[in-house]
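Presented below is the structure to which this report refers.
The values are calculated or read from the model by the stated rules, or taken from the named source; none is laboratory data. No experiment lies behind these values; they were computed from the predicted model shown. All Cβ positions, even for glycine, are placed from backbone atoms using ideal geometry, and neighbour counts span all protein chains on display. Ligands, DNA and RNA are stripped out before the accessible areas are found, and what is left, the full protein with its side chains, is counted by its heavy atoms. Shrake-Rupley method; radii C 1.70, N 1.55, O 1.52, S 1.80 Å.
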Amino acid sequence: MREGHLEETLRRIIAQALVDRVKDPRIAFVTINEVRLSRDKTSAQIFYTVLGSDEERRKSMQGLRSSAGFLQSIIGDSLRLKTIPRLHFRYDDSLDRSFRLEEILDDLHSGPEGEAERSEEMRFIPYPPPPDLVEVFREHHSFRLTTHVNPDADGIGSLLGLGLALEAAGKTVQMVRHEDGPSAFSVLPGYDRAVLPGELQGEDEVLVLLDCHELERIGPAADGLTGREKVVVIDHHLTGDGDSEGEVQWIEPAAAASASMVHSLVGAMEELSLSGEVASCLYAGLITDTGGFRFSNTDATTLHVGGDLVEHGADAAALAESFLHRRSPATLRLLARVLDSFDYRLGGKVVLARMTRAMCEETGGRMEDTEGFVNFATSAEGVELVALLKEVDEQTWRVSLRANDPYDVQRVAETFGGGGHAKAAGCTLQGPVEEVEERILEALSRELQMETAEG
Ligand code: 5GP
Ligand code: MN
């Protein structure tokens, strides 16, 4: 079945089942607008709208979530599919978006007297956040902001940007960093006030997960939670097989960085402002996740968001210098060792690379400061897939995976319990390094064959 056709068929089956089979009053006013299947067809995003108040909208979300399993079984009965996609419901804000456009047009027509007010109001919001998410930030007072372990600048930048914006609006915020981040983090405003998980104090009303959507991914930052917190997710990673957390989930795979989503959230809330400090944190996240606006996640919107952040005070050259260019001599010595480890396999299409603790000790380089090392392998002519193995301990290896078009390493990472994006993903494997290498190589070889077969 062609993909577009299958998506439309799924839409009809789900819409019909909601009317005929799911006996839940909470979903009475739901319309299913669109179904989007993931590339591997293992998950589907279901876009829907609700007629009615915010309260009704919240209830329908709960109703839809609780009927997902039943709907999946109906799909399984109706269609002969290799895998039944997992259903993820997303409120479709494209209607809200067009209302916003009308408002802006109205403003434009309102004449010169509205000028000062309008320049204040003209905010660029390419990824409108779900209304129930905005509501949580409005209604609650204390927030614990977290990101994934081994945080990158997108995780930390999104966290600091949102944290500073909320603080400026009078909210109480605990921003949680992880130990041993990259040295460049120290230039970010607010980083010196971020606490380690062990330094958290008291309870917070809301737990926010940034740049990840699974509680396991925030590691010790989840310690000491009471279970009473409202959990909110802001992430641009595709939902993998792991169960997503959060009563309010905002996942926007089209956004190049989580920082772009926070930029829209700040824009959508009149009570928050995009200060120079907030813009700097977000810009750092945006440039690292796009490799300096070079990766395939860079589209026109990515660049517009970057432009807006610079307009609001982010120093593009200084941040690029800190996050993309400057390295300590020790880090460069470590890079030399990693480059030297490149092992070209499968006819030169795959590079296996290694970074061991011994290399770090011998060069004085820190593993946290090696962002971008893996990309040197994707630049080699003829290379399609890359795996860089980083030693955590003798039996534990963190693997960074990269792909050139049309290959997809997210599905590779997922088979090992990891995740990420199509072109950049990661996972952790246990065992001696030779064994880990062979398992990864086998999975990459399958990915090469699958694409060759499909294309
Ligand atoms: P990196 O190789 O730069 O560490 O990670 C590449 C991408 O994969 C990032 O978006 C990162 O968040 C994601 N990623 C890395 N390791 C894991 C993992 O173990 N689990 C999941 N879900 N994502 C990961
Ligand atoms: Mn990210």
Unique match (being hydroxyl-bearing (Ser, Thr, Tyr) and open to solvent by 20 Å² or more (accessible area, probe 1.4 Å)) among Ser273, Ser258:
Ser273
Applying the selection to region 274-297, what residues are more than 13 Å from Ala316 (Cα to Cα) and within 15 Å of ligand 2 (Cβ to nearest atom)?
Asp289, Thr290, Gly291, Phe295, Ser296, Asn297
List pairs: first residue in region 178-192 and assigned by TED's automatic domain parsing to the domain that holds Leu209, second residue assigned to a loop (DSSP other than H, G, I, E, B) and among the acidic types (Asp, Glu) anywhere in the structure, Cβ distance under 6 angstrom, at least six positions apart or on different chains.
none
Does any residue of region 265-273 turn out to be within 23 Å of Arg123 (Cβ to Cβ), over 14 Å from the mean Cα position of the chain (by Cα) and within 16 Å of ligand 2 (Cβ to nearest atom)?
yes
With the checklist (1) out of contact with any strand residue (DSSP E or B) (no Cβ under 8 Å at 6 or more places or on another chain); (2) open to solvent by less than 60 Å² (accessible area, probe 1.4 Å); (3) free of Cβ contacts under 8 Å to residues at least 60 places away in the same chain in hand, flag the one item Gly372 doesn't pass.
(3)
I'm trying to understand the selection: among the residues of region 14-42, which are in contact with a Gly (Cβ under 8 Å, 6 or more places away or on another chain), open to solvent by less than 70 Å² (accessible area, probe 1.4 Å) and outside any loop (DSSP other than H, G, I, E, B)?
Ile27, Val30
Subset of region 199-218 [within 16 Å of ligand 2 (Cβ to nearest atom) and among the charged types (D, E, K, R)]:
Asp211, Glu214, Arg217
Among (1) within 16 Å of ligand 1 (Cβ to nearest atom); (2) more than 27 Å from Gly227 (Cα to Cα), there is one condition Ser186 misses while meeting the rest; what is its number?
(1)
Of the residues in region 298-323, how many are buried (at least 19 other Cβ atoms within 10 Å of the Cβ) and either under 21 Å from Glu368 (Cβ atoms) or at pLDDT below 95 (or both)?
3
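Residue-wise test of (1) farther than 24 Å from Asp54 by Cβ; (2) of a type in the set (A, V, I, L, M); (3) in the same structural domain as Gly426 (by TED's automatic domain parsing).
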position	(1), (2), (3)
Val136	no, yes, no
Thr146	yes, no, no
Ala165	no, yes, no
Met175	yes, yes, no
State whether one or more residues within region 217-236 are basic (Lys, Arg), assigned to a strand (DSSP E or B), in the same structural domain as Glu270 (by TED's automatic domain parsing) and away from ligand 1 (no atom under 16 Å from the Cβ).
yes
